[in-house]
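Before any comments, here is the structure.
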Amino acid sequence: MLEELKEKVCRANLDLVRHGLVIFTWGNVSAIDRASGLVVIKPSGVSYDNMKPSDMVVVDLDGKVVEGELNPSSDTPTHVELYKAFPNIGGVVHTHSTFATAWAQAGEDIPRLGTTHADYFHDAIPCTRSMKKSEVFGEYEKETGRVIIERFKDMNPDDTPAVLVRNHGPFAWGTDADNAVHNAVVLEEVAKMAYLAVDIHVAAQFKGIYLADFSPRMNKYLIEKHYSRKHGPGAYYGQKKK
């Protein structure tokens, strides 16, 4: 069942290791087959070293196992909630990558400071609110998904395909598993750049150095220019399909 999708999801999970986004078993990738409403996801706590496509687990949109001998990722309920709420996404990634997780632990959005950010994310990467005691001790992973969805009440998840779960870590998504991993990689780099830029700015102010025309925020027209170069009907970055 969904053998091709299992291969893609397994490869995408291994790509997290290749890109340095996970250590040990700190992460997972899933993808959905919209036609059947079934999700393929990494098994829980399984080492990446020997992971193979046949280890992937198939679940339905209630999180129930349809096929697979291993337990699905403990984050499965979060993935499922996102698939149900965001109809255009085809893959979801969760990691504990260093810089994105640091912003999540600080409880701060990742601000839009440069064109690299704007090329991929239209808005600041939002950080969710703190989870309530009832949410943590209730259906924790499902409630995590709901808190993410709540944060995107006034945002478009297609334009900004990532979030920071406060005190926890980042989730990213995309049109499929590979695209979701791509966005997760960019998210980590953007998080690192933002951290360094803010650190430089604060250090300069502390030393009494005020750089001419320097602002830690980027103007809106530059954001719109860079985002629209890659997204939407007027996009012109890259090669056009013939």
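The values are calculated or read from the model by the stated rules, or taken from the named source; none is laboratory data. Computed from a predicted model, the values in this text were never measured in an experiment. Every residue, glycine among them, receives a Cβ derived from its backbone with ideal geometry; neighbour counts consider all protein chains shown. All accessible areas refer to the heavy atoms of the entire protein, side chains included, with ligands and DNA or RNA removed. Shrake-Rupley method; radii C 1.70, N 1.55, O 1.52, S 1.80 Å.
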query = Assuming LEU70 fulfils every condition listed in (1) outside any strand (DSSP E or B); (2) open to solvent by less than 50 Å² (accessible area, probe 1.4 Å); (3) touching a Pro at 6+ places or on another chain (Cβ under 9 Å); (4) of a type in the set (A, V, I, L, M, F, W, C) apart from one, which condition is it?
reply = (2)
task = Please report, ordered by residue number, the helices (runs of 4 or more DSSP H) entirely within the stretch 75-123 with at least 1 residues that are open to solvent by 10 Å² or more (accessible area, probe 1.4 Å) and touching a His at 6+ places or on another chain (Cβ under 7 Å).
result = 115-120
message = Restricting to the stretch 110-130, give me the number of residues that are of a type in the set (A, V, I, L, M) and touching a strand residue (DSSP E or B) at 6+ places or on another chain (Cβ under 8 Å).
response = 3
note = Checked pairs for the stretch 9-29, first closer than 17 Å to HIS168 by Cβ, second loosely packed, with under 15 Cβ neighbours inside 10 Å and modelled with pLDDT under 95, C-beta under 8 Å and 6 or more apart or across chains, list as PHE24/SER47; THR25/GLY45; THR25/SER47
task = Kindly indicate the residue of the stretch 124-146 that is within 16 Å of the chain's Cα centre (by Cα) and either farther than 18 Å from ASN183 by Cβ or basic (Lys, Arg) (or both) and also least open to solvent (accessible area, probe 1.4 Å) among those meeting that condition.
result = THR144
Residue list for the stretch 64-91, filter: of a type in the set (A, V, I, L, M) and touching an Asp or Glu at 6+ places or on another chain (Cβ under 9 Å) = VAL66, LEU70, VAL80, ILE89
request  = Can you run down the residue pairs with Cβ atoms below 7 Å, 6 or more apart or on separate chains, where the first is in the stretch 53-66 and farther than 14 Å from ASN28 by Cβ and the partner is at pLDDT 95 or above and open to solvent by 50 Å² or more (accessible area, probe 1.4 Å)?
outcome  = PRO53/GLU7; VAL58/VAL66; VAL58/GLU67; ASP60/VAL66; LEU61/LYS84
task = Could you tell me whether the stretch 153-176 includes any residue that is among the basic types (Lys, Arg) and part of a helix (DSSP H, G or I)?
result = no
task = Would you please name the residue that is least open to solvent (accessible area, probe 1.4 Å), looking only at residues in the stretch 147-157 that are of a type outside the set (A, V, I, L, M) and touching a Ser or Thr at 6+ places or on another chain (Cβ under 9 Å)?
result = PHE152
request  = Output the residue which, of all residues in the stretch 125-139 that are in contact (Cβ under 8 Å) with a residue 24 or more places away in the chain and assigned to a loop (DSSP other than H, G, I, E, B), is nearest to ALA100 (Cα to Cα).
outcome  = PRO126
query = Within the stretch 161-194, how many residues are free of Cβ contacts under 8 Å to residues at least 24 places away in the same chain and open to solvent by less than 10 Å² (accessible area, probe 1.4 Å)?
reply = 0
